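Input: one structure, supplied below.
The values are calculated or read from the model by the stated rules, or taken from the named source; none is laboratory data. Note that this is a predicted model, so its numbers are computed, not measured. Here the Cβ is made from the backbone with ideal geometry for all residues, glycine too, and neighbour counts use every protein chain on show. Remember, those area values only see protein heavy atoms, side chains included, never the ligands or the DNA or RNA. Shrake-Rupley method; radii C 1.70, N 1.55, O 1.52, S 1.80 Å.
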Amino acid sequence: MSWGTELWDQFDNLEKHTQWGIEVLEKYIKFVKERAEIEINYAKQLRNLSKKYQTKKNSKEEEESKYTSCKAFQTTLNETNDYAGQHEVISENMTSMIMAELTRVVQELKQERKAHFHEGRKAQQHIETCWKQLESSKRRFERDCKEADRAQQYFERMDADINVTKADVEKARQQAQIRHQMADDSKGDYSSVLQKFNHEQQEHYHTHIPAIFQKLQDMEERRISRLGESLKTYAEIDRQVIPIIGKCLDGITKSAESINGKQDSQTVVDSFKSGFEPPGDVDFEDFTQSMKRTVSDTSLTAPRGDIGKSEAKTPGKSRGKLWPFIKKNKGATPEDFSNLPPEQRRKKLQQKVDELNKDIQKEIDQRDALTKMKDVYMKNPQMGDPSSVAQKLIEIGNNIEKLRVEVQKFEGWLAEVEGRLPSRDNSRRQSALYETQTTAPVNNCVQDRESPDGSYTEDQSQETEVKVTPTEFDDDFDDEEPLATIGTCKALYPFDGENEGTISIAEGEILSVIEEDKGDGWTRIRRNEEEEGYVPTSYIEVYLDKNAKGAKTYI
């Protein structure tokens, strides 16, 4: 099967067909371009959607993100963002691997097709020229033959006519001979041109045109093959991202399976537990006592002073409160967090103490570094002036002293709160708070503790003074759930860990990472599930688990 032999007379149809083939390729390129645009727009919309529902910093949502369900939702948003990235990969690969490649191929095919058909038209023009030459030679030969025949007939008439002179006869004979000679010459020329035309025609239809059409056939088959390869690439680009998309979906499934209702319930307890104990039983008030008084106890014989005292005591008993709520502070938060319930206050104070200790450790590390720098300057004055560091050391020393005063202040408040918190022993029904309160009808208690808007706004002067006997906590009252391991690390250098909250490490030691560097230059690690503390991030090389999204490796 060959276009050169089978379609030797279909030059115009082949020209239209090859043009159509290139247009099909351009149509496919346009299809891939629109698909790539859809993928990139879809990825952009997914990223915007994920960003829209991400937890905003310094907001209530950030506080809520500690629940497993919220963490799972955040993981889903992160995985959706990664999922969007794969659609961006699809768009990029389709643009570079299909569109760019096929656009180049189309340009090459257009140039090649143009060259082949230019060559074909040139061959057609040549054979048409040869045909015109043949026709011209044929007509000349035909004309010369007719002229020779007329000259011969004229000569014969002249020769038969007795009235014609001999000279005229001779002239007619010579003219006939000339015409015959011209006819013979035209015949030879016609024969030569005919042979040449037949040869050119043979070459045209059996050599030149088949060769040109064969090139066109090869070009068209190559175009079809490239289209087929591109369709396979089109499918392969999608197939390549399926495993990664599968991992994103697996991550979402895993996050869904990590949701723990019991754990979230415990988190609610930890977040809102006040530290108060439920109120005890309300004492019975016996109003029948006045009926049982003897005559000597009646108001007629009783001293006025006694009556006044008894009446003065009665109202005091009706001011007891049913619930030990602290007055709601609608203004600025006090420095000692006294507006919070005991348990929440303890947590805030402990958090503040931890933050101050971290600040102190930073200042100490900076002081140590400057001290070493000062020693170097003293030993090598050409490197710097030691006095330039002295003022900074004085400032750091003052900062450390101020921070330590702050720590002592908050630790004092913390010790006070821890001393007032009730024991978790269920046998203890009430704290000393309730022992100092007198009883009153329940309806009066509700009126005392609630305002029309539902908040607790009783005056501080009306509150009963809180006098709680310090008690000892159970060991596990303040115990928090151990932090989960998020990776491992290798110690690059030894670290003594002499300061409080730090841990010593040896060079080359492998430990567990339980908290990333929060930007303060320290990473929290654990050894043997028992010993844990902070080490300088620059002293270790961290390897976080894959599930730690957005985590970096610090060296």
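How compact and how long is segment 118-275, expressed as Rg and Dmax of its alpha-carbon atoms in Å?
My reading of the Cα-based Rg and Dmax gives 46.5, 162 Å.
Calculate log10 I(q)/I(0) of segment 68-186 for q = 0.11, 0.19, 0.23 Å⁻¹, where I(q) comes from the Debye formula with a single equal point scatterer on each Cα and nothing for solvent.
-0.72, -1.01, -1.14
Could you give each residue of segment 84-100 its phi-based ³J(HN,Hα) in whole Hz, using Karplus coefficients 6.51, -1.76, 1.60 with θ = phi - 60°, and x for Gly or Pro?
Whole-Hz 3J(HN,Hα) from phi for segment 84-100: 4, x, 5, 5, 5, 4, 4, 4, 5, 5, 5, 5, 7, 8, 10, 4, 5.
Further question on the same structure: Stretch GLN240-LYS166 to full length: gain in nm at 0.36 nm per residue minus the Cα-Cα span? Intermediate results must be reported in sequence, preceding the final value.
Working: separation 74, 0.36 × 74 = 26.64 nm, distance 10.72 nm.
Fully extending the segment from GLN240 to LYS166 adds 15.9 nm.
Then there is this: If R₀ is 41 angstrom, what is the calculated FRET efficiency for the pair GLN174 and GLN201, using the beta carbon separation as r and rounding to 0.05?
Working: r = 40 Å, r/R0 = 0.98.
In this case the efficiency is close to 0.55.
For segment 1-143, report the % of Cα-Cα distances exceeding 20 Å. Don't skip to the end; give the middle numbers.
Values: 7124 of 10153 pairs.
Distances greater than 20 Å cover 70 percent of the Cα pairs.
Within segment 117-159, list the residues whose amide N lies under 11 Å from a label point set 7 Å along Cα→Cβ of ASP189.
Of the residues in segment 117-159, 136-144 have backbone N under 11 Å from the label point off ASP189.
Given N residues in segment 381-423, what is its alpha carbon radius of gyration divided by 2.2 N^0.38 Å?
2.09
Let me ask you something else. Per-residue HN-Hα couplings for segment 197-211, Karplus 6.51 cos²θ - 1.76 cosθ + 1.60 at θ = phi - 60°, whole Hz, x for Gly and Pro?
3J(HN,Hα) across segment 197-211, in whole Hz: 5, 4, 5, 5, 5, 4, 5, 5, 8, 10, 10, 5, 4, x, 5.
Sticking with the crude label model, points 7 Å out along Cα→Cβ, report the distance from GLU500 to GLU416 in nm, one decimal please.
1.9 nm
While we're here: Taking the Cβ of TYR493 as the center, what net charge do the other residues with Cβ under 12 Å away carry, scoring Lys and Arg +1 and Asp and Glu -1?
Taking every other residue near TYR493 into account, the sum is -3.
Take ILE364 and SER96, extend 7 Å from each Cα along the Cα→Cβ direction, and tell me the distance between the two endpoints in nm.
Here the modelled spin labels are 5.1 nm apart.
For VAL268 and LEU393, FRET efficiency with R0 = 60 Å and r from the beta-carbon atoms, rounded to 0.05? It would help to have the intermediate numbers written out before the result.
Values: r = 48 Å, r/R0 = 0.80.
That gives a FRET efficiency of 0.80.
Ranking request for peptides 350-358, 269-277: highest mean number of other beta-carbon atoms within 10 Å first, then the rest in descending order. All intermediate terms of the calculation are to be shown ahead of the outcome.
Numbers: 350-358: 16.2, 269-277: 14.3.
Packing proxy ranking, top to bottom: 350-358, 269-277.
In Å and whole numbers, how far do the C-alpha atoms of segment 204-278 stretch along each principal axis, longest first?
Principal extents (Cα only, largest first): 111, 15, 10 Å.
Just subtract the alpha-carbon distance of LYS254 and ARG404 from 0.36 nm times their residue separation and send over the number in nm, one decimal. Don't jump to the answer; show the numbers that get you there.
On the way: separation 150, 0.36 × 150 = 54.00 nm, distance 4.49 nm.
Here the answer is 49.5 nm.
I would also like to ask the following. Order 245-254, 339-348 from most to least packed using the mean count of other Cβ atoms within 10 Å. Each step should come with its number before you reach the end.
Working: 245-254: 15.0, 339-348: 19.7.
Those peptides, ordered most packed to least, come out 339-348, 245-254.
Let me ask something additional. Go ahead and run the numbers for FRET between ARG139 and VAL89, Cβ-Cβ distance against an R0 of 51 Å, rounding to 0.05. Walk me through the numbers on the way to the answer.
On the way: r = 73 Å, r/R0 = 1.44.
FRET efficiency, ARG139 to VAL89: 0.10.
With a point put 7 Å past each Cα toward its Cβ, work out how far TRP131 is from GLU515 in nm, to one decimal.
Between TRP131 and GLU515, the simple spin-label model gives 9.6 nm.
Also, quick follow-up: Could you state the orientation-averaged shadow area of the convex hull built on the Cα atoms of segment 53-104, in nm² to one decimal? Walk me through the numbers before you get to the answer.
Values: hull surface 17.7 nm².
With the hull built on Cα positions only, its mean projection is 4.4 nm².
Can you send over the solvent-accessible area of TYR42, 1.4 Å probe, protein chains only, in Å² to the nearest 10?
Its heavy atoms expose roughly 90 Å² to the probe.
What whole-number volume per residue, in cubic angstrom, does the convex hull of the C-alpha atoms of segment 348-424 give?
With only Cα atoms used, segment 348-424 gives 78 Å³ per residue.
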